[in-house]
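Heads up: the structure comes next, in structure tokens.
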Amino acid sequence: MALTEPGTLLPEHRGRIEKALLELEKRDADDRWQHLDTYYANFRARFGPEVLASLNGVALLERMHKREGQNCLMYWLEFKNDDELPSLFGSIAGGSALKFGIYQKAATGQWMVTSAERAGTPISVEEAVEYATVQRDQLIEGCMALGKLSADATDDDYLELQQDLYERLPKVAAWSWGHKYFHMIFPDKLDDFHNEDFQRFYLVKLLQQPPADNGRYACAGRYMHLMREFGRPVAQLTWAMQDVFGYPRDYWRIDAARLPVANAVDVMRASSVVALPWAETGDISDTQYTRPGRDALRERIEARVDLHGARPLDVTQDIFNLALHVDEGDLVVVAEGGKGRAIGRVTGPYQYDGESPLAHQRPVEWLDTGTWECPDEKNLPRALSWYNKPAGKLAVEQRLMNPQPPGTVTAPGKARLSGREGHIQSVLDRKGQVILYGPPGTGKTYWAQRGAEALLTQELFRKSVDALTDDERENVRRHIRLCTFHPSYGYEDFLEGYRPEERDGQLVFHLRDGIFKALCEEAAAHPHERFVLIIDEINRGDVPRIFGELLTVLEKDKRGREVQLPLSGRPFSVPANVAVIGTMNTADRSIALLDTALRRRFGFIELMPEAETLGAVMVDGIPLAAWLEALNAKIVAKRGADGRNLQVGHAYLLEGGHPVSTLVGLSRIVRDDIVPLLQEYCYEDYRMLADILGPDLVDADAQRIHIELFQEDNREALRQALLAMAPDMTVSPEALDAEAEAPMDLEEEAGGEEAVAEELAEEATEPAGAESSQ
């Protein structure tokens with residue numbers, strides 16, 4: 001499939017975009033697309049260049065930056081979403097207040113500067129006015145330059161404009177908020193993708209080679225051409241393109257030829273994973289997405305791993321990127337040298353399988369399993385690389401226009417699930433047992449049963465539950481046992497005990513196996529098949545008495561170790577092929593009564609909120625710790641005396657023991673965990689719920705949650721809604737720390753690819769046994 005020329009579209013792309021435009025209008029009950037001119041006029045009436053030119057001193061400062069009252073320029077650009085200005089014009093939400101240059105602290109009214117060298121430094125009102133004046137003057141200059149731009153400007157014209165703006169307007173032009181301001185004034189000359197990654201992503205999806213120069217303005221001419229071709233406003237066109245192609249994704253490449261594993265491609269394809277070796281590191285689920293987190297991983301690698309000649313720097317960055325940087329929905333090319341062997345879409349979080357030769361894994365859905373010429377844009381000794389230049393991304397998209405569909409895979413390999421069932425499987429592989437906990441009515445028992453069935457179906461028959469025959473379905477059910485704990489449930493029901501029975505007219509006591517002991521004996525007789533016990537309402541029983549000596553042998557690394565049972569005197573052990581899935585209702589707050597020893601053996605995290613454990617983590621521009629603290633502050637304020645006990649714990653924002661690192665993961669947590677919890681706390685008072693979560697997430701009048709925000713196509717709208725819940729979080733110390741702690745690629749820290757190449761050349765000349773300075 002050849003690339004298309006700038007301004008031209010393939011018929012299938014044109015058809016899909018036209019259909020998406022029609023669907024947008026059908027869903028637009030409030031006719032917002034018909035009122036775009038009014039919204040632009042509302043913005044210009046308050047913040048147009050003529051208006052800003054008429055203001056000076058404190059009046060100008062407050063019009064641009066005073067967020068109290070939500071009427072300043074920066075608030076309108078980042079958070080405004082109402083009948084006066086709906087959020088239709090591209091999001092700039094995310095990150096800290098560094099992007100705005102200055103901000104005012106809500107608590108004290110003190111003005112602060114956010115330049116990199118003076119971040120968080122108090123400044124006087126006079127200094128703040130001076131800063132805002134410079135920004136205003138540069139906004140006006142930029143509007144004058146855009147006003148002179150021809151309506152049919154070319155790529156070269158936009159590049160010339162960009163160079164001029166970047167050189168003369170450093171306080172505004174290179175920032176997303178400056179780009180959005182210029183779009184609001186000139187929607188017929190600039191697109192409303194305020195991030196150049198977005199701009200280039202959708203051009204690649206259309207099989208167009210983006211302009212050679214980077215920058216926020218270089219691609220605008222392409223979108224203006226499309227706007228005229230479709231005869232629709234650019235804001236509507238970009239929404240339609242997001243509906244068609246989804247949220248921007250990254251493109252990755254794993255070169256199996258660089259892995260010290262034979263048949264690595266076959267292993268990945270058979271297991272439906274993209275993966276890396278070096279299992280000696282152990283599970284790295286607890287690694288933080290920070291520089292200290294990556295440095296600690298490198299120390300672990302240097303201490304434990306046989307690198308087979310690879311450099312610690314490269315192995316560290318590969319594993320770190322696979323676990324924490326690769327996102328769900330990203331595309332990964334599996335290559336062998338210059339040949340592509342498969343293309344997969346990532347479907348789930350990082351998982352560790354110490355029994356596999358490729359232990360560090362991400363589950364994928366295979367889109368193509370053919371062989372093709374696969375470009376590699378970086379000449380570096382790394383197994384996992386990132387396609388940063390358009391050429392590699394375009395090659396992948398061209399291949400996917402005519403893919404070779406995956407065939408049936410029969411090679412050995414552990415079957416992997418995706419979605420919620422995959423999460424259950426991942427925890428069970430790591431711990432041996434998992435507790436699904438939360439408020440009533442969130443589907444804990446349902447997901448325990450469904451997860452067990454999906455897991456066993458894949459392992460026994462390598463197919464989906466829906467594809468099972470009646471006999472196969474019955475076989476799956478024979479591998480599952482279900483019990484419910486309650487106050488009178490005891491050790492004799494669970495492990496073994498004497499039970500009365502009548503024999504020859506006499507009442508006698510007979511030693512009988514409990515449900516868990518019977519399951520373990522059946523599992524021991526069938527060591528190559530997994531068995532699952534589901535314990536419903538696990539916290540309602542007297543857990544220490546029920547489990548007894550089982551606490552000693554339940555832990556994953558003690559499976560198979562025998563203990564002596566006190567009643568029968570027989571040896572007992574828990575086989576490795578037994579999994580336990582428990583459900584727990586946290587509404588009665590009895591979670592603290594669970595035995596500590598049992599808690600350590602389950603995938604379970606205490607519910608008390610500890611935002612500091614989330615560290616300096618940013619999820620698509622959302623400072624996670626600051627967001628949780630803002631949410632809890634609202635709960636405390638709205639629920640009065642009960643507020644402290646009704647806070648949302650940090651465990652809701654953890655996946656696999658570490659902070660959620662993707663918006664996909666955070667979206668699931670908010671939708672499936674936090675919203676139902678807060679509905680219960682608010683006793684169906686939607687006005688209170690809207691005060692806590694914000695009107696973008698909750699319609700108090702209609703008494704409904706805007707559940708459509710959690711759809712994949714509305715990812716940007718969800719991010720903006722989460723940030724709008726507490727706009728001041730972006731100026732919090734946590735947000736500033738998070739932005740400063742964001743890890744760079746080790747290549748960048750070492751000075752880029754040239755520096756790495758120089759280092760490799762130096763190593764090649766070192767005598768045997770010499771240590772690298774890296």
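Listed values, structure above:
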{"read-out": "Residue order, fewest to most beta carbons within 10 Å, for Val125, Val574, Val326", "value": "Val125, Val326, Val574"}
{"read-out": "FRET efficiency for Leu380 and Arg561, using Cβ-Cβ distance with R0 set to 56 Å, rounded to 0.05", "value": "0.75"}
{"read-out": "Simple Cβ-charge dipole of the chain, Lys/Arg +1 and Asp/Glu -1, about Cα centre, in debye nearest 20", "value": "1440 debye"}
{"read-out": "Residue-span extension gain [Ala107 to Lys148] - 0.36 nm each, minus C-alpha spacing", "value": "10.4 nm"}
{"read-out": "Arg540-Ala257 FRET efficiency (beta carbon distance; Förster radius 60 Å; 0.05 resolution)", "value": "0.65"}
{"read-out": "J(HN,Hα) series, the stretch 701-708, from Karplus relation 6.51 cos²θ - 1.76 cosθ + 1.60, nearest Hz, glycine and proline x", "value": "5, 7, 6, 8, 8, 6, 5, 5"}
{"read-out": "DSSP bridge pairs, the chain: antiparallel proportion in percent, nearest 5", "value": "65 percent"}
{"read-out": "Trypsin sites (Lys or Arg not before Pro) within the stretch 539-572: DSSP coil, no more than 16 neighbouring Cβ in 10 Å", "value": "Arg559, Arg561"}
{"read-out": "Under 22 Å from Lys389, Cα to Cα: lysines that are on another chain or at least 8 residues apart", "value": "Lys205, Lys339, Lys378"}
{"read-out": "Estimated distance in nm for a label pair at Arg503 and Tyr446, the labels positioned 7 Å out from Cα along Cα-to-Cβ", "value": "4.7 nm"}
{"read-out": "Principal-axis tilt of helix 155-168 within the chain, Cα atoms, nearest 10 degrees", "value": "90 degrees"}
{"read-out": "Proximal lysines relative to Lys99, as straight alpha-carbon distance under 22 Å, when same-chain residues fewer than 8 apart are discounted", "value": "Lys66, Lys80, Lys171, Lys180"}
{"read-out": "Amide H contacts under 5 Å for Val619, placed H, 5+ residues apart", "value": "Leu624"}
{"read-out": "Val698 long-range amide H proximity, modeled H, under 5 Å", "value": "His706"}
{"read-out": "Rounded to whole Hz, the Karplus (6.51, -1.76, 1.60) HN-Hα couplings of the stretch 72-78, x for glycine and proline", "value": "8, 4, 5, 5, 4, 5, 9"}
{"read-out": "Cα-projected label distance for Arg46 with Glu25, points at 7 Å along beta-carbon direction, nm", "value": "2.9 nm"}
{"read-out": "Asn475/Asp266 FRET efficiency (R0 25 Å; Cβ-Cβ; nearest 0.05)", "value": "0.35"}
{"read-out": "In sequence order, calculated HN-Hα J values of the stretch 262-273 (Karplus, 6.51, -1.76, 1.60; Hz; x Gly/Pro)", "value": "5, 6, 4, 4, 5, 4, 5, 5, 5, 9, 6, 9"}
{"read-out": "Normalised contact order of the chain, rounded percent, pairs of Cα under 8 Å and 6 or more residues apart", "value": "12 percent"}
{"read-out": "Amide H within-cut-off set for Gln110, under 5 Å, with H built and near neighbours excluded", "value": "Lys105"}
{"read-out": "The stretch 432-576, dipole about Cα centre (Lys/Arg Cβ +1, Asp/Glu Cβ -1), debye to the nearest 20", "value": "400 debye"}
{"read-out": "Label-point separation, Glu12 to Asn214 (7 Å along Cα→Cβ), nm", "value": "3.1 nm"}
{"read-out": "Longest exposed-site-free window of the chain, the sites being GluC sites (Glu not before Pro) in a DSSP loop that have at most 14 other C-beta atoms within 10 Å", "value": "118-354"}
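Read-outs throughout are calculated quantities, based only on the coordinates presented, and are distinct from any laboratory measurement. Owing to the predicted nature of the structure, the values given are computational and were not obtained by experimental measurement. Glycine also receives a Cβ, built like all others from the backbone with ideal geometry; neighbour counts cover every protein chain displayed.
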